[in-house]
Amino acid sequence: MTFPERTIYLLHRQCSADISIDFALLRQHIKGKFYLICSNCFRSHLRRQRKDIYFDAILSVPSMDDFSAITEAIEANVDIQHEQFDILSIEEPTVSLCGKLKRHYGLQDFDHESYVDKLEMKARLRNSGIVIPQHQALCRQTWLNAPASYLDQLVATIPFPCFIKPIDQAGAVRAARLDNQDALEHWLANWQDDGYQYEIDEFIDGTLYHCESILRHGEIIYSQVNEYSTPCFNITLGQALGSITLAETDPDHINISIMSRKVHALLAPIKHGVTHLEVFKKHDGTLVFLEIAYRPPGNLASEMYLQRCGIPLKELHIFIQVDPEMDLAFTPTNYVARYIYPLPPMEGVVNRINPPQLTSDFQTYWNYHVGDAVNANTGLCKNAGRMLLWNDDETALRADFEKLRSYYPYTVTPSYEVISDAQL
């Protein structure tokens with residue numbers, strides 16, 4: 001790969017999380033200057049990991065919400081009138097910011113809000129023939145002004161069970177399933193002004209899928225549909241979250257790929273990059289649009305697609321935006337699955353790592369070792385570890401995938417037992 005020379009700014013908002021991208025691979029192929037714009041705390045995090053060496057400079061700002069500070073950092077390092085440059089993102093919290101910056105500098109004439117704001121994306125799909133959940137934006141001030149009438153209006157509009165979530169977050173952050181009116185009233189009564197805008201949706205019961213699509217010049221050149229082991233929210237309930245690739249001939253792969261093309265045609269004109277679509281299939285076979293993001297999925301995305309078709313998906317999201325004409329070949333080889341394991345239900349100490357018994361090839365990415373203290377589960381933001389498995393036999397991989405639903409990587413002694421033993 002030989003990319004055109006231009007200055008690249010990569011945005012990163014989260015403070016404690018790793019970008020989980022191969023900086024060495026990016027640096028090897030990107031010509032021109034390569035800058036990271038991030039918060040002060042993440043700059044320190046990268047330096048501790050010695051990953052700052054891959055950038056010409058890390059441009060840290062006090063807050064990634066400070067648009068002026070970010071534009072000042074950009075303009076201090078490039079002549080915006082005469083030099084070629086681009087601004088890219090790889091994670092959900094910076095997709096919106098990236099679109100606004102691109103539009104601000106005339107790099108494109110649209111923003112990314114229809115790939116971030118769940119209300120806007122569903123509004124664009126209304127009356128298109130694509131099924132969307134019943135939903136409504138929540139207004140805290142309306143609740144505070146007239147709680148009884150607002151509760152009555154919500155109950156009359158959205159059936160139970162219902163699902164509440166922020167309109168612009170990922171990974172089931174601050175999401176809640178509510179089964180009746182009392183639960184909804186309790187949630188509203190405890191709703192604090194946390195800076196998030198929320199929506200309330202009907203709860204969809206069925207199988208959840210994710211579909212990654214690679215776009216070039218606005219056209220989808222590759223799609224892969226994957227079946228989740230359980231909806232993402234259920235990791236907060238202690239369930240392992242997995243997904244497995246479907247064969248191109250699988251009816252669900254075919255139907256969801258068709259749906260993906262319709263969704264992309266109706267949303268903003270993304271030209272190049274990777275999108276991540278989530279779709280429910282109800283028990284009667286109806287496909288229901290859930291959401292779409294202009295980014296690859298998170299955990300093990302590149303590793304999963306390298307095994308599936310030889311493509312490092314996260315890095316490709318950057319590469320194809322830098323050089324849309326790059327040579328690409330997709331050669332499906334293995335069927336692939338991944339699992340993310342939650343932290344245990346109670347804090348404790350790891351006293352054993354349980355080896356998985358599988359016929360497929362696999363690789364584990366455990367976050368803890370014997371003797372380590374572990375906190376209790378709080379959701380996807382922190383996990384116990386991950387596993388990637390692959391096999392050229394789809395049936396064998398599926399059998400291992402099902403087996404891993406009930407597997408857990410650690411035997412954990414609860415903290416109160418450790419304390420009791422120490423007092424003996």
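Where a number appears in this text, it was derived from the coordinates with a stated rule and is not lab data. Owing to the predicted nature of the structure, the values given are computational and were not obtained by experimental measurement. As a convention, Cβ positions derive from the backbone with ideal geometry for all residues, glycine included, and neighbour counts pool all protein chains shown.
Key figures for this structure:
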{"read-out": "For LEU343, distant residues with modelled amide H under 5 Å away", "value": "THR378, GLY379, ALA384"}
{"read-out": "Sorted by Cβ density within 10 Å, fewest first, the residues HIS253, HIS186", "value": "HIS186, HIS253"}
{"read-out": "Magnitude of the charge dipole, the chain, Cβ model with Lys/Arg +1 and Asp/Glu -1, debye to 20", "value": "360 debye"}
{"read-out": "Shape of the range 1-111, Cα gyration tensor, a/c cut at 1.5", "value": "oblate"}
{"read-out": "Percent antiparallel among DSSP beta bridges (both partners in the chain, rounded to 5)", "value": "80 percent"}
{"read-out": "R0 of 45 Å, Cβ-Cβ distance ASP205-ASN375: FRET efficiency to nearest 0.05", "value": "0.90"}
{"read-out": "Sequence-separation-based contact order of the chain, relative, with Cα cut under 8 Å and 6+ spacing, percent", "value": "13 percent"}
{"read-out": "Ranking of CYS309, CYS162 by count of other Cβ atoms within 10 Å, fewest first", "value": "CYS309, CYS162"}
{"read-out": "Computed label-point distance, nm, for sites GLN81 and LYS262 using a 7 Å Cα→Cβ extension", "value": "5.0 nm"}
{"read-out": "The range 134-202 - charge dipole about Cα centre, Lys and Arg +1 at Cβ, Asp and Glu -1, debye rounded to 20", "value": "100 debye"}
{"read-out": "Nonlocal amide H pairs with GLU291, under 5 Å, H built at 1.01 Å", "value": "GLU278"}
{"read-out": "Dipole of the range 140-252, positive end: most advanced residue of THR236, THR249, ILE214 [Cβ charges, Cα centre]", "value": "THR236"}
{"read-out": "Chain lengthening between ASN367 and ASN255 when straightened (0.36 nm per residue, less Cα-Cα)", "value": "36.6 nm"}
{"read-out": "14 Å cut-off, amide nitrogen to a point 7 angstrom out along GLN153 Cα→Cβ, residues in the range 184-208", "value": "200"}
{"read-out": "Global geometry of the range 90-222, whether rounded, prolate or oblate, following the gyration tensor of its Cα atoms and the 1.5 cut on a/c", "value": "prolate"}
{"read-out": "Rounded Å value of the spacing that divides the Cα centres of the range 190-263 and the range 297-373", "value": "17 Å"}
{"read-out": "Residue-wise HN-Hα coupling along the range 322-331, computed from phi with Karplus coefficients 6.51, -1.76, 1.60 (Hz; x: Gly, Pro)", "value": "6, 9, x, 8, 4, 6, 9, 9, 10, 10"}
{"read-out": "Residue-wise HN-Hα coupling along the range 77-83, computed from phi with Karplus coefficients 6.51, -1.76, 1.60 (Hz; x: Gly, Pro)", "value": "10, 8, 7, 5, 7, 10, 9"}
{"read-out": "Residues in the range 232-266 reached by a label modelled at ILE353 [backbone nitrogen below 20 Å; 7 Å Cα→Cβ]", "value": "240-241"}
{"read-out": "Positive-end extreme of charge dipole, the chain - chosen from PRO166, PHE55, VAL412 (charges on Cβ)", "value": "PHE55"}
{"read-out": "Amide H contacts under 5 Å for PHE85, placed H, 5+ residues apart", "value": "THR7"}
{"read-out": "GluC sites (Glu not before Pro) lying in DSSP loop within the range 313-407, provided at most 12 other Cβ fall within 10 Å", "value": "GLU325"}
{"read-out": "Listed values [x] 28.1, 77; [y] 23.5, 77; [z] 22.4, 73, entry calculated as Rg and Dmax of the Cα atoms in Å", "value": "[z]"}
{"read-out": "Within the chain, helix-based [θ] at 222 nm, where runs of 4 or more DSSP H residues each add -39,500 (n - 2.57), nearest 500", "value": "-8500 deg cm²/dmol"}
{"read-out": "Listed pairs LYS51/LYS100; LYS102/LYS122; LYS165/LYS314; LYS122/LYS165 exceeding 19 Å between Cα atoms", "value": "LYS51/LYS100; LYS102/LYS122; LYS165/LYS314"}
{"read-out": "Cα gyration tensor category, rounded, prolate or oblate, for the range 244-347 with a/c compared to 1.5", "value": "rounded"}
{"read-out": "Phi-based couplings in Hz for the range 382-388 (Karplus 6.51, -1.76, 1.60; Gly and Pro marked x)", "value": "9, 10, 6, x, 9, 9, 10"}
{"read-out": "DSSP bridge pairs, the range 1-111: antiparallel proportion in percent, nearest 5", "value": "0 percent"}
